[in-house]
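Here is the structure we will look at, set down as structure tokens.
The values are calculated or read from the model by the stated rules, or taken from the named source; none is laboratory data. The shown structure was predicted, so the numbers you read here are calculated from the model rather than taken from an experiment. For neighbour counting, all protein chains shown are included, and Cβ atoms are generated from backbone atoms with ideal geometry for every residue, glycine included. SASA here: full protein model, heavy atoms, side chains in, ligands and nucleic acids out. Shrake-Rupley method; radii C 1.70, N 1.55, O 1.52, S 1.80 Å.
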Amino acid sequence: MNIIRSLKLPSRNCIFFHLAAFTKQGKCSNLYRNVICKGQRYPLSASNTEVYKNARHSLGRFCFQSSRTLGEKTTTLQISSAGQLPRCFSAQNIQIIRCFRTSPLFQAAPAPFFWIIVKPIQKLFAIIFGRGIRKWWQALPANKREVFKESIRKNKWKILLGVGSLGVSFAVFYYTHLEETPITGRTRLLVFRKEHLKQLAQMEYDTWMEKLEGKMLPETDERYQAVEKVVSHLSESNKDIPQLSAFKWTVHVADEPEVNAFVLPNGEVFVFTGLLDAASDINQLSFILGHEIAHAVLEHAVKKVGMVHLLDFVSLIFLTLIWAICPRDSWAVLGQWIQSKLKEFMFDRPYSRTLEAEADEVGLQFAAKACVDVRASSLFWQRMGVVETLERQPRLPEWLSTHPSHENRAEHLDQLMPEALKIRESCNCPSLSGPDPRLVFKHTMQRFLKLPEDQESPNSTKEDLSKPKLDFPHT
């Protein structure tokens, strides 16, 4: 059994990615799934291991040391008195030894989670502070107001210098927290460390597993095997990309009618059976999963959390000004609502649409290197648009959505298609045979829309999409 990165105290639940008690797949190891994960403790066998107390108790430092490989009978183990290891750690099953530290519970909490809790407090403080300024100003006599205004006029350059210094500090913070996005080479803002996002991803993973309890398909199900095969094929075909090969992808297929799939930043892949029904063949499914894998590889969660945190910080300044300037609380509440909506529709949602378009671009490249018929990517969104129209689903304008419209996504993918076909050709993939499926679908829909509503095309057939075809192209 391998012990990787770090280990929580046995008295706590096993949470957070890259902690011991987890394999590289992000799951609790079978060896002591029922020990650490349930917070139980078991003493070590004194006959197998020597225990040494570490004098640096305050650091909570543990250190495993071994110079022998798995199967040899002598191993040296050092452990502080902060806790005991489960008995499943015997001298015969400890293979890799690394030093690690434990932290108190409040220190172990991820920074993003801390800021999620603090955000409402920050907003409340901004409201109270701005409202206090307004009340103070309204209570000032007229002569003192004039004196205060005159003081501001005399010291306007000092005030401008202070405001300018804050602006420079903000700009320095922004540009010193930029880094290059993998694969695309675009710059991005990195406010939190990637380890923090992985911790939040593990928490989200636990939430989804609890929510979907009893709905997960077994590994023997053909739909699970189809998804697992697609993910493995994409991963193997793009193993030359370090950022992608660093992940250990774990597949979960849930029996849910929603057309949805997502990949957490720790490599946990979730697919709903509704998506399998929506994808007509393995090529479309490969593109969609390539798109979701691209989100994880490009670390879009890191980018989005950083941008949202930065915008929230800036919005606190405007929130304080709104409550200080508006003469009444009702006006301030209205101004606060307008400010939040402007931030959402001018920054949050456009940025989310940008990330989706970037994931489409990179996901298409992943599919091309896997010798997938990349033309199916555009076809999928054309089909989704037609289904939405036929079912008369309410369609919001794109500027109100966090995702591009189906039509714009299909058009964007068509623009990227020549480059994707070149990538596919450079990987020595088999030539694409037959007519372009996009044109076939277009002509089919034109004929279909000309038919009476109560008449069905005699050549139409109902596909069994609950069991996707498993034919894969080979590189």
Original post:
Under the condition of being over 37 Å from the mean Cα position of the chain (by Cα) and small (G, A, S), which residue from region 130-175 is surrounded by the most Cβ atoms within 10 Å (Cβ to Cβ)?
Top reply: G132
Original post:
K422 is checked against (1) open to solvent by 30 Å² or more (accessible area, probe 1.4 Å); (2) not in a helix (DSSP H, G or I) and fails just one. What number does that condition carry?
Top reply: (2)
**OP:** Out of L311, L285, L316, report the one residue that is surrounded by 23 or more Cβ atoms within 10 Å (Cβ to Cβ), in a helix (DSSP H, G or I) and not β-branched (V, I, T).
**Re:** L285
Original post:
Any chance region 98-109 includes a residue that's open to solvent by less than 80 Å² (accessible area, probe 1.4 Å), at pLDDT 50 or above and part of a helix (DSSP H, G or I)?
Top reply: no
Original post:
Among the residues of region 383-396, is there at least one that is buried (at least 20 other Cβ atoms within 10 Å of the Cβ) and touching a His at 6+ places or on another chain (Cβ under 6 Å)?
Top reply: no
Original post:
Which one of the conditions (1) closer than 19 Å to T444 by Cβ; (2) part of a loop (DSSP other than H, G, I, E, B); (3) small (G, A, S) does G385 fail to meet, given that it meets all the rest?
Top reply: (2)
Subject >> Subset of region 208-244 (residues that are touching a residue at least 40 places away in the same chain (Cβ under 8 Å) and outside any helix (DSSP H, G or I)) >> reply: L212, K215, L217, N238, I241
Original post:
What single numbered condition from (1) open to solvent by less than 60 Å² (accessible area, probe 1.4 Å); (2) modelled with pLDDT of 80 or more fails to hold for Q199?
Top reply: (2)
Original post:
If you check L321 against the conditions, is it aliphatic (A, V, I, L, M), within 30 Å of F129 (Cα to Cα), open to solvent by 10 Å² or more (accessible area, probe 1.4 Å) and modelled with pLDDT of 90 or more?
Top reply: yes
**OP:** For region 423-436, state whether one or more residues are under 26 Å from Y351 (Cα atoms), at pLDDT 90 or above and either among the hydroxyl-bearing types (S, T, Y) or out of contact with any Leu (no Cβ under 8 Å at 6 or more places or on another chain) (or both).
**Re:** no
**OP:** Within region 155-200, work out how many residues are in contact (Cβ under 8 Å) with a residue 12 or more places away in the chain and more than 28 Å from I117 (Cβ to Cβ).
**Re:** 5
Original post:
Does region 400-410 contain at least one residue that is open to solvent by 40 Å² or more (accessible area, probe 1.4 Å), part of a loop (DSSP other than H, G, I, E, B), of a type in the set (V, I, T) and touching a Ser or Thr at 6+ places or on another chain (Cβ under 8 Å)?
Top reply: yes
Original post:
Does at least one position in region 164-182 carry a residue that is touching a strand residue (DSSP E or B) at 6+ places or on another chain (Cβ under 8 Å) and closer than 26 Å to A261 by Cα?
Top reply: yes
**OP:** State which residue is surrounded by the most Cβ atoms within 10 Å (Cβ to Cβ) when the search covers only region 245-282 and only residues that are assigned to a strand (DSSP E or B) and among the β-branched types (V, I, T).
**Re:** V271
Original post:
Which one is surrounded by the most Cβ atoms within 10 Å (Cβ to Cβ) among residues in region 337-367 that are aliphatic (A, V, I, L, M) and in contact (Cβ under 8 Å) with a residue 60 or more places away in the chain?
Top reply: A367
Subject >> Candidate set from region 234-244 (those that are of a type in the set (S, T, N, Q) and closer than 17 Å to E268 by Cα); member that is surrounded by the fewest Cβ atoms within 10 Å (Cβ to Cβ) >> reply: Q243
